[in-house]
Amino acid sequence: MTASATVPVRRRSLGLSRLILGLAALIAALAFGVSVGETVIAPEVIWKTLSNQLFGTDYPLRPIQEGIVWNYRLTRAIVAAACGAGLAVSGVVLQALLRNALADPYILGISAGASTGAVLVMVLGIGAGALSLSVGAFAGGILAFTLVIGLARAAGSGIGLPQAGLIILSGIAGTQLFNALTSFVIAQSANAEQVRGVTFWMMGNMSGVRWPDVRLAVPVSALGVLVCMAHARALDAFTFGAESAVTMGVAVRRTQAVLIGVVTMITATMVSITGAIGFVGLVIPHAARFLVGVRHDRLLPASALIGAVFLVMADVVSRVIVPGQVLPIGVITALVGAPGFAVILIRGRRQRA
Amino acid sequence: MIRLEEASWRAGQTAIVRDIALHVRRGETFGLVGPNGSGKSTVLRLVAGVLTPSTGRVRLDGIDQTRLSRRRAARMVAFVAQQADTAERVTVRDAVELGRTPWLSMLRPFGPGDDRIVAHALARVGMSDKAGRYWQGLSGGERQRVHLARALAQEPRILLLDEPTNHLDIHQQLSILRLVRKLEVTALVALHDLNQALECDRVGVMQAGRLVACGPPAEILTPDLIARVFAVRANYLTDPADGHRLIRFALSED
Ligand SMILES: Nc1ncnc2c1ncn2[C@@H]1O[C@H](COP(=O)(O)OP(=O)(O)OP(=O)(O)O)[C@@H](O)[C@H]1O
Ligand SMILES: [Mg+2]
């Protein structure tokens, strides 16, 4: 064959330079997140604190500043990064599996279900500690997602909206149901103190984050991203639908089960730490597609990096936008995400036309 | 080699195809014809492993389809469905590269050899010059050819094509059918054009979920059978230039 001689060789991975650029951006965002806040902390203090804590050096620092850097700001920034990466990757995976540009853990009710599960644990005090909170959230998330998909399937066999619209509508119904359940549980059994705490947490809130949360969020997010990366080619094969993926050798059922399990695990863990943060899983994957294209070997790492940077920055904004007050981070992501959602809807319409 | 042994498939209680016994020999191009809804696509989907027979068996080179892993099956069989679309912004080359999926793994990533196979597949369907184009900007016939290239990139021994000449202009129809016949694969092709079916090695005729006839096209596609199955009148004409026979159709009531 003569045509084979002139194949333009395409770069297949994210490319080392772009990966380094992304990691540098992430480190810069983390440093920014640590230094900015009610009191601005000099880079030198951050550096010395890290050195003292990690390498046992003995730079003299004011204990208050060292405490703010190490226990408050750094933990918060790291959890924000893990959360952003995990949610963005979850969005990519759900969009590919459901072949739906509007899919993300928040819209499909997984976050709402996870909230209900977590609140049940929190208020009723079933078990104790961060782990049982995540377990409750995971159970709630799986239950919600199962119900949402079940509803979409049941509705799909009749005449009605196309499947894509149905899943989103079912997701909205599921979200409403589980949010109502959460409110019900709170109203029934919580005292005034708990109500305030839970309400703030439900909107996505990072202020309670400490080192144990880092030790939960980072491994879950890293593991989740790695498992999804290992399925990058299978996700590509869903381009023309699940049936076509089957004929290209993908074990579709197993892939769906594993990946939906992973996505729910990530979402549930993040919800149990920070509450439900919307729009990250929806908007970041589209931004990443715009930058690196649709192939999952590049799209997944790119989304993880962009999601991480985005949520660290959103957290900074939530702390400084109203002087003397910390907004729930979910408010900031919604302020950015809702217009992003609108753009995706309008672009989707143009593509269909 | 494809062998269906009394294979049936039911949707709920309704039998969609029943007791299909069919043997497609190695290297043969086998045409499957029949009216709309007669079950051609269902038979192909059974062979592809997308559907599992409710009763009976599908064997590929002697092995029960249900005993093959998805990956092994996909290295043997490639399937071009009647329609498969996407909303993703994939390029033609992206789509054809998907065909390499069953051959790749973490330890065996996409390499120069795969690039050559993809380029070859694109060249065979005449899409090399459009490799960088986006799917959404392709015509219906171009999309059909990309799907065929994707299937060829899978390097199958068995090729299943569901109405591959749909949307194609007459030149593309003839060249795709010639390509399929020339390939050293066993091909099972659902067709609507009975004159194209005449060019196959053998044909099978589907009617209401059953295989009602099977054999060399000249023996099977008689005016009588065509009248029974398709409810049209058929006459064989002979091209005076080369003696080639072809069928002319008319509605029975005319
Ligand atoms: N999953 C299903 N559930 C219910 N009925 C089905 C299903 N799949 C196919 N059918 C029905 O089975 C019959 C055969 O369908 P099939 O697609 O195999 O026909 P076909 O011969 O390929 O037709 P065409 O020429 O129009 O492509 C049709 O009447 C169809 O409605
Ligand atoms: Mg068909």
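What the table shows:
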{"quantity": "Qualifying residue in region B:190-198 (condition: crowded, with 23+ Cβ neighbours inside 10 Å, of a type outside the set (Val, Ile, Thr), more than 16 Å from ligand 1 (Cβ to nearest atom) and within 27 Å of B:Arg248 (Cβ to Cβ))", "calculated": "no"}
{"quantity": "Set B:Arg108, B:Arg100, B:Arg124, B:Arg93: member being more than 7 Å from chain A (Cβ to nearest Cβ) and free of Cβ contacts under 8 Å to residues at least 12 places away in the same chain", "calculated": "B:Arg108"}
{"quantity": "Qualifying residue in region B:68-83 (condition: out of contact with any helix residue (DSSP H, G or I) (no Cβ under 6 Å at 6 or more places or on another chain), within 16 Å of ligand 1 (Cβ to nearest atom) and within 11 Å of another protein chain (Cβ to nearest Cβ))", "calculated": "yes"}
{"quantity": "Residue in region B:56-66 that is more than 16 Å from ligand 1 (Cβ to nearest atom), within 14 Å of chain A (Cβ to nearest Cβ) and open to solvent by 10 Å² or more (accessible area, probe 1.4 Å) present", "calculated": "yes"}
{"quantity": "Region A:15-59, residues that are more than 24 Å from A:Ser207 (Cβ to Cβ) and surrounded by 12 or more Cβ atoms within 10 Å (Cβ to Cβ)", "calculated": "A:Gly15, A:Arg18, A:Leu19, A:Leu21, A:Gly22, A:Leu23, A:Ala25, A:Trp47, A:Lys48, A:Ser51, A:Asn52, A:Tyr59"}
{"quantity": "Any pair with Cβ under 7 angstrom, 6 or more apart, that starts in region B:34-61 at a residue that is farther than 17 Å from B:Pro156 by Cα and within 13 Å of ligand 2 (Cβ to nearest atom) and ends at one that is polar (S, T, N, Q) and assigned to a loop (DSSP other than H, G, I, E, B)", "calculated": "B:Ser41/B:Gln82"}
{"quantity": "Filtered residues of region B:127-179 (kept if away from every other protein chain (no Cβ under 11 Å), under 30 Å from B:Asp61 (Cα atoms) and within 16 Å of ligand 1 (Cβ to nearest atom))", "calculated": "B:Gln144, B:Leu161, B:Asp162, B:Glu163, B:Pro164, B:Thr165, B:Asn166"}
{"quantity": "Yes/no for A:Ala338 being assigned to a helix (DSSP H, G or I) and either within 29 Å of A:Ala118 (Cα to Cα) or in contact (Cβ under 8 Å) with a residue 60 or more places away in the chain (or both)", "calculated": "yes"}
{"quantity": "Count of region A:278-306 residues which are open to solvent by 10 Å² or more (accessible area, probe 1.4 Å), closer than 22 Å to A:Ala80 by Cβ and assigned to a loop (DSSP other than H, G, I, E, B)", "calculated": "1"}
{"quantity": "Residues (part of a loop (DSSP other than H, G, I, E, B) and open to solvent by 20 Å² or more (accessible area, probe 1.4 Å)) located in region A:206-237", "calculated": "A:Ser207, A:Gly208, A:Arg210, A:His231"}
{"quantity": "Checking B:Ala21 against (1) hydrophobic (A, V, I, L, M, F, W, C); (2) surrounded by 15 or more Cβ atoms within 10 Å (Cβ to Cβ); (3) more than 13 Å from ligand 1 (Cβ to nearest atom), the condition it does not meet", "calculated": "(2)"}
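The values are calculated or read from the model by the stated rules, or taken from the named source; none is laboratory data. For clarity, every value in this text was computed on a predicted model and none was experimentally measured. Methodologically, a virtual Cβ is constructed for each residue, glycine included, from the backbone with ideal geometry; neighbour enumeration extends over all protein chains shown. Side chains are part of the model used for accessible areas, which takes the heavy atoms of the whole protein and leaves out ligands, DNA and RNA. Shrake-Rupley method; radii C 1.70, N 1.55, O 1.52, S 1.80 Å.
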